[in-house]
Amino acid sequence: MIGETVSRRNFLKITSIAGGGMLIGFNFLSDNLSAASVADAVFSPNAYITINSSGLVTLMAPNPEIGQGVKTALPMILAEELNVKWDTVEVDMAPLDPKFGSQVAGGSGAIRGRFMPIRKAGATARVMLISAAAQQWGVAETDCYAEDGFVINKASGKKLGYGELAAKAATLPVPADVALKDPKDFKIIGTRVHNIDNKKIITGQPLYGMDTRRPGMLYAMVARPPAFGKAIKSFDDTETRKVAGVKNVVMAHGVVAVLATSTWAAKKGRDALVTVWEDKSPGESTADHDAQYTSLIITKSDRPGRVDGDVDAVFAKGGKVIEAVYELPNLAHSAMEPLNFFADVKENSAELYGPTQIPARMRQEVAKALNIPEANITLGMPRQGGGFGRKLQADNGVEAALISQAAKAPVQMMWTREDDMQGDYYRAGAMYKMKAAISADNQIEAWHLNGASLGGGSAMADSFPAASVPNFRVDTHSLHSNIQTGPWRAPTSNIVTFADESFMDELAHEMKKDPIAFRLELLDKAANTPVGKVGYDINKYRSVVELVAKMSNWGKGLPKNVYQGFAARFSFSTYAAHVAEVTNTNGVLRVTKIYSAINCGRVVNLSGAENQVQGAILDGLSHALFSKITFDKGAVNEKNFNTYKFMRQKDAPIEVLVQFVPTEDAPTGLGEPALPPIAPAVANAIFAATGKRYRKLPFELGKA
Amino acid sequence: MAKYTLSVNNKAMSVEADEDTPLLWVLRDHLNLVGTKYGCGIAQCGACTVHINGAAVRSCQYPVAAVGAGKVLTIEGLSPTGTHPVQLAWEEMDVPQCGYCQGGQIMAAVALLKTHPNPTDDDIDKLMTNICRCGTHYRIRKAIHLAAGKMTPKAAKV
């Protein structure tokens, strides 16, 4: 089942041109093709597009689909330039292959990076089909045009379907440069197209790595260390081997794996293992981290991220100085599909199939771990039940491969939710000390951010309000820890925005300025009298602030118990501004409505884009309200959804209204940018509602 | 190990499993009905929601031995062509992102609409308790209202 897509296309001899990932060149006359196949000639001017003689157009979706919608949006771009009707095309997930360029789900980069190359791929096929028709009719190419899967002769009105032209087009040289469509002629880009897999999703068809079922496959579950800092010392599998269905117990990748004929048997076998763990390094606790943050955020960094003017000199003058400390917890990724991977490792080859955001690196790391050449390893990509950055790590696939190699069997690795939550690469918690000086004429004279985090960066040096404040400094610190941390949806922005945008609101109130008017005033300063580098596009920033103010009828005509809060952020080349509305019903607070304005360049799929923004907002809100991971001597306290809490419908806003700033600019990132500003927008709304400033996440509003 | 004959999607199916095996794993591993998803194993997230005799249950905490003669309905059996009004509403609202939790969400919504054919937002708040990490809550709420409209003649709303 898994290899089918690949093998069906093996006869397509497609060569890649170095650089850019854009593939041109074809030779459908493979040695393996029979005469009959030639009659059913396939036109495939590049890896992304195949047209057979019956006119079936198959488009390849090159990037991992983790719920961000690229399996729909990228083929839409191909279909647009190819001039075919969307509802006539078939979309297939591409296998891992260099001819598809960079196959990564991360950094909100798929549409951003591929928009032009993919348009060219589609346009190339269209131009060649027009050439084929023109030659057949003996007319000039300019006398023909392509529409809805046909080439049409302008003079005679005659039509030839793409299928009828496929064989001829396949004999033509691939043009090096082709004209792209005028965006005003777009029929698919910018429209509402539904998730390509909707039908399969709503009928429960197998789509995910977790659904992999292969002959002879064993389910594997692993005994993992109960805390960071611990490693396996010894184990006794006597009881495990008595469990019906358990077939094998192996040691691989530093863990003990139980292999069985069902998930339940594997779990019972795993739970029956008697394990002895030893301390390799000290177990750390959240209280220790907090204590270290507290001392670090009052310490200057040797290498500050940005220094404009002299904040200390301003603070020393003794004018009005405002300080606030913000705290953010560690978070788990908790994709709804827990980690898993299928591996079938043979003597000198391997087949891998499973959820990963980095298929190419996954194959490299598996090859290294198995000592098998990459060329002998295939890797297929299922639809994924969420990513959020967890699957930027290769541990799930490497572990499955090593266990399959050790057990000499095809293996479906299963992580329980508890395994997943205790074996994460966490979003690092952070603490910030924010300090600002307000001048006698009621302007921000100095701004100092000092942040510390469990791992990775805790600030982006040039973020707004940098360039609008004469004295500006950013210091950051990172702890050394044996707890794994890693990218989590909108890395760094997802922590620092809470501090930046909450503090901005505090200053606005302190200065008795409207929070939105205050931002616009600072943007004017950055435009007219910039201090140092301006790290954002002032007009684009302003576009979302103004649009969301208009959408939300900011500050006007609110019911008596409804309060608004504002926050914005520029990340992944996209601008996002939110207004959150909090309703106070007899002292019970609920976020009831969100308005969101986004400037992400041209929108490819309006339905998918709105879904990403709505989703990022609700995802960010869910974590801001409820979620935290804490450690006790290296052990994770929150092991499942009973203690690591998520939003349910009763906590979700009734409305999440999204608008995109109309623009002709090239598309920018969208999977992440709407997440960072939601927590501060809500904190600011809660302040408006209650006069209480929530400076620590999660809010845990229910708690007195 | 014990032998069970289960009614799943209106078909009699035989399985041999330990009596404490959750129905979830019997469906997924023994019967190859993988539309019912594993998310937490402790009846928190609802990804494993199926119906037994028309009521929504979380199959990860429902031992196979307890099913007895109960009629089990999974997402695969909800309608032969994927055209149950709730499924159609999900498609029309373009609800899914990653999609992993949506089978369970749909089964929960179908059960909700049985007891509340014209649900208020308050009803949805109380009865839709499944987790979605992608944040499709807003579209789910709209899809449930849409499905209610599809299923209930206008007169019923009076």
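Within segment A:132-145, the residues that satisfy the criterion of being open to solvent by less than 80 Å² (accessible area, probe 1.4 Å) and more than 17 Å from residue A:44 (Cβ to Cβ) are A:133, A:134, A:137, A:138, A:139, A:140, A:143, A:144.
Restricting segment A:511-559 to residues that are over 25 Å from residue A:446 (Cβ atoms), assigned to a helix (DSSP H, G or I) and of a type outside the set (Val, Ile, Thr) leaves a set whose member that is farthest from the chain's Cα centre (by Cα) is A:550. Please count how many residues of segment A:194-240 are assigned to a loop (DSSP other than H, G, I, E, B) and farther than 26 Å from residue B:32 by Cα. Within segment A:194-240, residues that are assigned to a loop (DSSP other than H, G, I, E, B) and farther than 26 Å from residue B:32 by Cα number 8.
Output yes when any residue across segment A:226-237 is open to solvent by 20 Å² or more (accessible area, probe 1.4 Å), farther than 27 Å from residue A:632 by Cα and away from every other protein chain (no Cβ under 14 Å), and no when none is. Looking through segment A:226-237, at least one residue is open to solvent by 20 Å² or more (accessible area, probe 1.4 Å), farther than 27 Å from residue A:632 by Cα and away from every other protein chain (no Cβ under 14 Å).
If we keep just the residues of segment A:170-215 that are over 27 Å from residue A:86 (Cβ atoms) and more than 14 Å from every other protein chain (Cβ to nearest Cβ), which is surrounded by the most Cβ atoms within 10 Å (Cβ to Cβ)? My answer is A:171. Quick one: would you say residue A:590 is of a type in the set (D, E, K, R), touching a helix residue (DSSP H, G or I) at 6+ places or on another chain (Cβ under 6 Å) and either in a strand (DSSP E or B) or in the same structural domain as residue A:662 (by TED's automatic domain parsing) (or both)? Answer is no for this residue. Taken together, the residues in segment A:542-563 that are in contact with a helix residue (DSSP H, G or I) (Cβ under 6 Å, 6 or more places away or on another chain) and open to solvent by less than 20 Å² (accessible area, probe 1.4 Å) amount to 1.
Kindly indicate whether residue A:387 is more than 30 Å from residue A:519 (Cα to Cα) and buried (at least 24 other Cβ atoms within 10 Å of the Cβ). In short, yes. The single condition among (1) in contact with a Ser or Thr (Cβ under 9 Å, 6 or more places away or on another chain); (2) of a type outside the set (A, V, I, L, M); (3) in a loop (DSSP other than H, G, I, E, B) that residue A:464 does not satisfy is (1).
Hey, among A:588, A:496, which residue is open to solvent by less than 10 Å² (accessible area, probe 1.4 Å), closer than 30 Å to residue A:628 by Cα and among the aliphatic types (A, V, I, L, M)? Sole residue among the options that is open to solvent by less than 10 Å² (accessible area, probe 1.4 Å), closer than 30 Å to residue A:628 by Cα and among the aliphatic types (A, V, I, L, M): A:496. Within segment A:259-289, restricting attention to residues that are among the polar types (S, T, N, Q) and more than 17 Å from residue A:636 (Cα to Cα), the residue that is farthest from the other protein chains (Cβ to nearest Cβ) is A:275. The listed residues are A:23, A:33, A:82, and the only one of them that is at pLDDT 50 or above, open to solvent by less than 50 Å² (accessible area, probe 1.4 Å) and not basic (Lys, Arg) turns out to be A:82. Taking the criterion of being open to solvent by 20 Å² or more (accessible area, probe 1.4 Å) and modelled with pLDDT of 95 or more, the residues of segment A:464-480 that qualify are A:470, A:471, A:473, A:476, A:477, A:478. Every residue in segment A:317-358 that is within 30 Å of residue A:473 (Cα to Cα) and crowded, with 23+ Cβ neighbours inside 10 Å, please. Answer for segment A:317-358, where residues must be within 30 Å of residue A:473 (Cα to Cα) and crowded, with 23+ Cβ neighbours inside 10 Å: A:326, A:328, A:330, A:331. Filter segment A:610-658 down to the residues that are in contact with a Leu (Cβ under 6 Å, 6 or more places away or on another chain) and among the polar types (S, T, N, Q), then identify the one that is farthest from the other protein chains (Cβ to nearest Cβ). That would be A:627. When segment A:406-435 is filtered for residues that are at negative phi and part of a loop (DSSP other than H, G, I, E, B), the ones remaining, listed by number, are A:409, A:410, A:415, A:416, A:423, A:424, A:425, A:428, A:429. Counting the residues of segment B:73-90 that are touching a strand residue (DSSP E or B) at 6+ places or on another chain (Cβ under 8 Å) and more than 8 Å from chain A (Cβ to nearest Cβ) gives 2. What residue, among those in segment A:365-386 that are in a helix (DSSP H, G or I) and in contact (Cβ under 8 Å) with a residue 12 or more places away in the chain, is farthest from the other protein chains (Cβ to nearest Cβ)? Only one residue tops the list, namely A:376. Residues of segment A:90-108 include none that is modelled with pLDDT of 95 or more, of a type in the set (Lys, Arg), surrounded by fewer than 24 Cβ atoms within 10 Å (Cβ to Cβ) and not assigned by TED's automatic domain parsing to the domain that holds residue A:383. Suppose the filter is touching a Pro at 6+ places or on another chain (Cβ under 8 Å) and within 8 Å of chain A (Cβ to nearest Cβ); does residue B:102 pass it? When the stated conditions are applied, residue B:102 passes them. Residue under question is residue A:681, and the condition is that it be within 16 Å of residue A:490 (Cα to Cα) and either outside any helix (DSSP H, G or I) or open to solvent by less than 10 Å² (accessible area, probe 1.4 Å) (or both); does it hold? Judged against the criteria, residue A:681 is not a match. Within segment A:507-522, the presence of a residue that is among the small types (Gly, Ala, Ser) and in contact (Cβ under 8 Å) with a residue 24 or more places away in the chain is excluded. The conditions are (1) modelled with pLDDT of 95 or more; (2) more than 12 Å from residue A:57 (Cβ to Cβ); (3) open to solvent by 20 Å² or more (accessible area, probe 1.4 Å); (4) part of a helix (DSSP H, G or I), and residue A:157 fails exactly one of them. Which is it? Every condition holds for residue A:157 apart from (4).
The values are calculated or read from the model by the stated rules, or taken from the named source; none is laboratory data. The structure displayed is predicted, hence computed values, not measured ones. Cβ: placed from backbone, ideal geometry, glycine included. Neighbour counts: every protein chain shown. Heads up: the accessible areas ignore ligands, DNA and RNA and are worked out on the full protein's heavy atoms, side chains in. Shrake-Rupley method; radii C 1.70, N 1.55, O 1.52, S 1.80 Å.
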